[in-house]
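J.: Below: one structure in structure tokens.
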Amino acid sequence: MSVAINTEIKPFTAQAYHKGNFVEVTEAHLKDKWSVVFFYPADFTFVCPTELGDLADHYAELQRMGVEVFSVSTDTHFTHKAWHDSSDTIGKIQYYMVGDQTGTITNNFGVMREGQGLADRATFIIDPQGVIQAIEVTAEGIGRDASDLVRKIKAAQYVAAHPGEVCPAKWQEGDATLAPSLDLVGKI
């Protein structure tokens, strides 16, 4: 993987299927708000629709949090539309379905499967400055959980809004945070 936490996203231009239309998407769409880039291997497969459907079920909450979602595969935006029109699970998606048939975005994020032309299952949380704050990559057969993604975004937003505080393991909104200091060393 060629990208890392605290690095800025690279430029790209792609076509997406979004709310019944084909639209152009660039890296600028991922700035000035929190964003999730959600890579998956391919349309019309098995684990992918379960993940995308789960993410669609959490989309309204993410929108309330000021987060936009961009799902990305190396399929075309035309294929995304066909899948959206033919699947009840995918049909409920309201976020951007980005076509990356050139592999530019997938390669920019370092999640292209060598020799396959497919993206890994990878999730990136990006802050309003276009800087990567969290990365999750799973193996082919391991689906992701959108509720944990929401929790991680809330933690990232909290830390960004409260310098000097950090969120411990299993942190949920409203839980206590930590203020790292010499006094805490060896006491946790």
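The values are calculated or read from the model by the stated rules, or taken from the named source; none is laboratory data. As the structure is a computational prediction, the values presented were derived from the model and not from experiment. Cβ atoms come from the backbone with ideal geometry, glycine included; neighbour counts cover every protein chain shown. Just so you know, the surface numbers come from the protein's heavy atoms only, side chains and all, with ligands and any DNA or RNA stripped out. Shrake-Rupley method; radii C 1.70, N 1.55, O 1.52, S 1.80 Å.
J.: Restricting to DSSP loop positions (anything but H, G, I, E, B) with no more than 15 other Cβ atoms inside 10 Å of their own Cβ, which trypsin sites (Lys or Arg not before Pro) remain in the stretch 1-103?
T.: Numbers: sites: 19, 31, 33, 64, 81, 92; in loops: 19, 31, 33, 92.
Within the stretch 1-103, the qualifying trypsin sites (Lys or Arg not before Pro) (loop, at most 15 other Cβ atoms within 10 Å) are 19, 33, 92.
J.: I would also like to ask the following. Cα axis of helix 77-86 to longest principal axis of the chain: angle in degrees, 0 to 90, nearest 10?
T.: 90 degrees
J.: Same structure, new question: Once Rh for the stretch 24-70 is found with the Kirkwood sum over Cα pairs, what is the Stokes-Einstein diffusion coefficient at 10 °C and 1.306 mPa s, in µm²/s? Can you show the working numbers first?
T.: On the way: Rh = 11.8 Å.
So the translational diffusion coefficient is about 135 µm²/s.
J.: Binning every alpha carbon pair distance of the stretch 109-163 at 5 Å from zero, what are the percents per bin?
T.: Result returned by the calculation: 4, 16, 24, 21, 16, 11, 5, 2, 1.
J.: What does the highest-first list of 34-40, 74-80 look like by mean Cβ count within 10 Å? Present the calculation step by step, with values, prior to reporting the outcome.
T.: Details: 34-40: 24.3, 74-80: 20.3.
Output ranking for 34-40, 74-80: 34-40, 74-80.
J.: In vacuo Debye scattering of the stretch 8-86, one point per C-alpha: log10 I(q)/I(0) at q = 0.16, 0.21, 0.26 Å⁻¹?
T.: -0.63, -1.11, -1.52
J.: Please list 3J(HN,Hα) in residue order for the stretch 20-37, calculated via the Karplus relation 6.51 cos²θ - 1.76 cosθ + 1.60 where θ = phi - 60°; whole Hz, with x for glycine and proline.
T.: Result, rounded to whole Hz: x, 10, 8, 9, 7, 10, 10, 4, 4, 5, 9, 10, 6, 7, 6, 9, 10, 10.
J.: Taking a temperature of 10 °C and a viscosity of 1.306 mPa s, what whole-number D in µm²/s does Stokes-Einstein yield for the chain with Rh from Kirkwood over alpha carbon pairs?
T.: Numbers: Rh = 17.2 Å.
For these conditions, the coefficient is 93 µm²/s.
J.: Give me the distance in nm between label points sitting 7 Å out from Cα along the Cα-to-Cβ direction at residue 50 and residue 166, one decimal.
T.: 3.4 nm
J.: How high is the relative contact order of the chain, in percent, with contacts defined as C-alpha pairs under 8 Å that are six or more residues apart? Show your work: numbers first, answer last.
T.: On the way: 342 pairs, mean separation 48.5, N = 188.
Reported relative contact order: 26 percent.
J.: Another question, if that's okay. What is the antiparallel percent of DSSP beta bridges lying wholly in the stretch 1-111, to the nearest 5? Before the final figure, lay out the partial values.
T.: Values: 9 of 19 bridges.
Close to 45 percent.
J.: I need two numbers for the stretch 40-130: Rg to one decimal and Dmax as a whole number, Cα atoms only, in Å.
T.: 13.0, 39
J.: Continuing with this model, one more query. When a/c is below 1.5 the answer is rounded, else prolate if a/b is larger than b/c, else oblate, so apply that to the stretch 77-187 with a ≥ b ≥ c taken from the square roots of the Cα gyration tensor eigenvalues. Could the numbers behind the result be given before it?
T.: Numbers: a/c = 2.54, a/b = 2.01, b/c = 1.26.
It comes out prolate by the Cα gyration axes.
J.: Of the accessible area of the chain, with the probe set at 1.4 angstrom, what percent is carbon plus sulfur? Display every interim value, and only then the final one.
T.: Details: 4880 of 9270 Å².
Ligands and nucleic acids excluded, carbon and sulfur give 53 percent.
J.: Step through the residues of the stretch 142-149 one at a time and calculate ³J(HN,Hα) from phi using the Karplus curve (6.51 cos²θ - 1.76 cosθ + 1.60, θ = phi - 60°), rounding each to whole Hz and writing x for Gly and Pro.
T.: 10, x, 8, 10, 5, 5, 6, 4
J.: Can you tell me the accessible area per residue over the chain, all protein chains present, probe 1.4 angstrom, in square angstrom?
T.: Numbers: 9270 Å² over 188 residues.
It amounts to 49 Å² per residue over the chain.
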